[in-house]
Structures are given as C-alpha cells and as structure tokens.
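The values are calculated or read from the model by the stated rules, or taken from the named source; none is laboratory data. Given the structure is predicted, the values throughout are model-derived calculations rather than measurements. Here Cβ is always computed from backbone atoms with ideal geometry, including for glycine, and neighbour counts include all displayed protein chains. Just so you know, the surface numbers come from the protein's heavy atoms only, side chains and all, with ligands and any DNA or RNA stripped out. Shrake-Rupley method; radii C 1.70, N 1.55, O 1.52, S 1.80 Å.
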Amino acid sequence: KEIRRTLRIRESDPLEIFTDHEGSIILKKYSPIGEMGVFAKQYAESLSQVSGHVALIADRDVFIAAAGSNSKQIQGKAISKELEKKMNSRDTVCASSSDKEFINIMEYEVDDYKYQVIIPIITQGDVMGAVVLLSTKEDDDMTEVEMKLAQSAAGFLAKQMEQ
C-alpha cells in the first residue's frame, strides 16, 4: 500500500515488472498512451495547427504530448488532482477562467490560460487520459468546434490504443 501511495499507483493500474542485471526488481507504471508517445506528439501538433490553440495529451499522471505556444514547459509535468477527478468522472469541460467548472490542469503550478476544453480518452470502458485544448487570448473563446476537435482526437486515440 505504501508503494502504491508513494508512486500514485491505483489498485487497478497495470504495472510492468523488470529485473536488472544485478537481480534487482524494477516496478514501472504502464501507460498505454505513453507507449504511443511519438504518435501522440504528432497528433498534438496537428491538433494545435488546426485549432490555433495549445493542444495537450495526458495519460492518467502526466502530459505526454504538448504542442502550441509555450507548450514545451508543460510536457512531462504532472496533471492536477482536479484534472484527474474530471477524467475519472468522465466529465467534458468547455470553460472560461471565470466559470466555476474551470480547473487548474497542472499540479503545483498556476495556469494562466483563459479558456479550456477537456475531453477524457476512454478505451474499452476505462479512462486512459485526456485531450486538452487551452487558449491564453482573452478574445479567443472556445466553441463547439473546439469541443468536436478534441472529441475527435480522444476518440481516435482511444481506437489506436484498442489495436
């Protein structure tokens, strides 16, 4: 239980177990989205180009792909507890910073984004991560178009993980 708590491993999370050349056991949390790292990065870049927003793809712990302005400092960062909660409850979010459903997406950091769209990635009934679109511009409202783009991305990534 202590190892699970320290490494943020839930009871249902898959683990990879390795041994090194000295016989030590290595436990590593398995991330199906993380296995698609290069593909997810390319998809995020395409999504960012089409939407004109920052595009992020997260597994259940960290942002594995980021594209758009100032996205380099987000990749590899831990997701916030609020984002984890939204993913686990399968909530979709389309909000501005003045809305009550607007959340901080990164753990231990303050986001300076004005608008966000969050869509969970669901594969075979399990939440695997999320697609996030962000905008810093005050006049760059997120609409139904951004919701559909993110839903399409989440659906496509879910199908890729099923194969």
message: Pairs please, first residue from region 65-90 and more than 16 Å from V117 (Cα to Cα), second anywhere and of a type in the set (S, T, Y) and open to solvent by 80 Å² or more (accessible area, probe 1.4 Å), Cβ atoms under 8 Å, 6+ apart in sequence or on different chains.
response: A78/Y108
field: Scope region 23-72; condition hydroxyl-bearing (S, T, Y), surrounded by fewer than 19 Cβ atoms within 10 Å (Cβ to Cβ), modelled with pLDDT of 85 or more and over 20 Å from L7 (Cβ atoms); matching residues
entry: S46
- request: Return the pairs, sorted by first residue and then second, in which the second residue is open to solvent by 50 Å² or more (accessible area, probe 1.4 Å) and hydroxyl-bearing (S, T, Y), the first residue lies in region 128-154 and is at pLDDT below 90, the beta carbons are less than 8 Å apart, and the residues are 6+ apart or on different chains.
  value: T136/S69
task: Please verify whether region 99-117 includes one or more residues that are touching a strand residue (DSSP E or B) at 6+ places or on another chain (Cβ under 6 Å), hydroxyl-bearing (S, T, Y), modelled with pLDDT of 90 or more and surrounded by 21 or more Cβ atoms within 10 Å (Cβ to Cβ).
output: yes
- request: Could you check, for region 42-56, whether at least one of its residues is under 12 Å from the mean Cα position of the chain (by Cα) and within 22 Å of K28 (Cα to Cα)?
  value: no
query: How many of the residues making up region 73-94 are open to solvent by less than 40 Å² (accessible area, probe 1.4 Å) and either over 23 Å from L157 (Cα atoms) or among the β-branched types (V, I, T) (or both)?
result: 3
- request: Return the residue satisfying two criteria in turn: it lies in region 9-20 and is in a strand (DSSP E or B) and modelled with pLDDT under 80, and of such residues it is least open to solvent (accessible area, probe 1.4 Å).
  value: E16
task: Only residues that are part of a helix (DSSP H, G or I) and surrounded by fewer than 16 Cβ atoms within 10 Å (Cβ to Cβ): list them for region 126-150, please.
output: E144, V145, K148
